[in-house]
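Okay, so here's the structure we're looking at.
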Amino acid sequence: MANNQRGGGIQRPNGATQNKICQFKLVLLGESAVGKSSLVLRFVKGQFHEYQESTIGAAFLTQTVHIEETAVKFEIWDTAGQERYHSLAPMYYRGAQAAIVVYDIQNQDSFVRAQTWVKELQRQASPNIVIALAGNKADLAASRAVDYEEAKQYADENGLLFMETSAKTAVNVNEIFLAIAKKLPKNEGTGPQQNIRPSGNETNRTSGNCCSK
Ligand SMILES: Nc1nc2c(ncn2[C@@H]2O[C@H](COP(=O)(O)OP(=O)(O)OP(=O)(O)O)[C@@H](O)[C@H]2O)c(=O)[nH]1
Ligand SMILES: [Mg+2]
């Protein structure tokens with residue numbers, strides 16, 4: 001039986017009451033092989049594959065995180081980084097409330113490519129989209145090509161969340177999704193978001209769908 005301690009919310013095992021659930025569409029963008037699929041696999045399943053296959057088209061997964069009394073459900077679109085799929089990207093970032101733009105700290109070109117993705121999102125995605133920059137493969141810092149400080153300064157200047165992550169060791173993977181979840185607006189009654197198609201007519205929606213349980 002549901003617990004009704006505080007306003008009809010559902011009690012979780014740790015005793016906290018969940019009063020609200022919010023759904024947000026999140027898209028991962030970045031050059032091929034930077035680790036987008038690996039970050040999603042780590043976040044959703046707690047796994048890492050040394051020989052992760054290159055993504056074709058896009059993959060869709062969901063994962064829920066808990067922020068105080070709110071359950072934040074991410075609908076995650078893991079896009080293909082190969083350039084030949086670039087034209088598909090707008091279908092995935094349109095209507096997204098959040099994006100993680102990924103580069104590989106060993107690869108300067110991937111950092112330049114990440115900046116191009118950020119510009120494209122700033123021009124063409126929802127105006128209030130929350131963008132995080134992830135410098136992935138932080139476990140390989142010995143062969144680093146992108147300075148932490150340079151990336152941090154770029155992120156600060158462009159209003160992006162920034163973390164160096166490792167899908168391999170799990171460093172900052174949950175943390176980057178949590179930081180995004182904290183930054184997303186959680187107002188109720190922001191309109192229906194029932195569909196999980198990559199792109200609908202929701203281009204101008206700037207917040208996800210939150211409702212009381
Ligand atoms: N050492 C290390 N290797 C990683 C990390 N993340 C991913 N890799 C490896 O990098 C390779 C590419 O990872 P993917 O997750 O397939 O990269 P992707 O960005 O999804 O690539 P596309 O699907 O082609 O766009 C794989 O061999 C992964 O095992 C990491 O944090 N550390
Ligand atoms: Mg992939």
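The values are calculated or read from the model by the stated rules, or taken from the named source; none is laboratory data. These numbers come from a predicted model, not from an experiment. Because the Cβ atoms are built from the backbone with ideal geometry, glycine has one as well, and the counts that use them run over all protein chains shown. Ligands, DNA and RNA are excluded from the accessible area calculation, which covers all protein heavy atoms including side chains. Shrake-Rupley method; radii C 1.70, N 1.55, O 1.52, S 1.80 Å.
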- Message: Suppose we filter the stretch 117-131 for residues that are more than 17 Å from the chain's Cα centre (by Cα) and among the β-branched types (Val, Ile, Thr); how many remain?
- Response: 0
- Being out of contact with any Lys or Arg (no Cβ under 6 Å at 6 or more places or on another chain), among the acidic types (Asp, Glu) and near ligand 1 (Cβ under 9 Å from one of its atoms) narrows it down to one of 31, 53, so name that one. 53
- Message: For the stretch 120-148, which positions are among the small types (Gly, Ala, Ser), within 16 Å of ligand 1 (Cβ to nearest atom) and under 18 Å from residue 27 (Cα atoms)?
- Response: 132, 134, 135
- Test: residue in the stretch 76-94 that is more than 9 Å from ligand 2 (Cβ to nearest atom), under 22 Å from residue 126 (Cβ atoms) and in a loop (DSSP other than H, G, I, E, B): yes
- Item | Exclusive hit being over 18 Å from the mean Cα position of the chain (by Cα), closer than 27 Å to residue 49 by Cα and not hydroxyl-bearing (Ser, Thr, Tyr), set 145, 134 | 145
- Assess whether residue 176 counts as being closer than 18 Å to residue 75 by Cβ, modelled with pLDDT under 80 and of a type in the set (A, V, I, L, M, F, W, C). no
- All positions within the stretch 60-84 that are surrounded by fewer than 16 Cβ atoms within 10 Å (Cβ to Cβ) and within 12 Å of ligand 1 (Cβ to nearest atom): 82, 83, 84
- Starting from the stretch 84-111, take each residue that is free of Cβ contacts under 8 Å to residues at least 60 places away in the same chain and list its partners that are of a type in the set (Val, Ile, Thr) and not in a strand (DSSP E or B), counting only C-beta distances under 9 angstrom and pairs at least six apart or across chains. 85/55; 85/56; 105/146; 106/146; 108/146; 111/105; 111/146
- Query: Across the stretch 149-182, what is the number of residues that are within 15 Å of ligand 1 (Cβ to nearest atom) and open to solvent by 50 Å² or more (accessible area, probe 1.4 Å)?
  - Reply: 5
- Restricting attention to the stretch 137-148, which residues are of a type in the set (Gly, Ala, Ser) and surrounded by 16 or more Cβ atoms within 10 Å (Cβ to Cβ)? 138
- Collect the residues in the stretch 41-55 that are away from ligand 2 (no atom under 13 Å from the Cβ) and open to solvent by 70 Å² or more (accessible area, probe 1.4 Å), keeping them in residue-number order. 45, 47, 50
- Message: For a quick check of your reading of the model, give me the residue pairs whose first member lies in the stretch 157-177 and is farther than 15 Å from residue 141 by Cβ and among the aliphatic types (A, V, I, L, M), whose second is part of a helix (DSSP H, G or I) and more than 16 Å from ligand 2 (Cβ to nearest atom), with beta-carbon atoms closer than 9 Å and at least 6 apart or on different chains.
- Response: 160/118; 160/154; 161/155; 161/176; 161/179; 161/180; 161/183
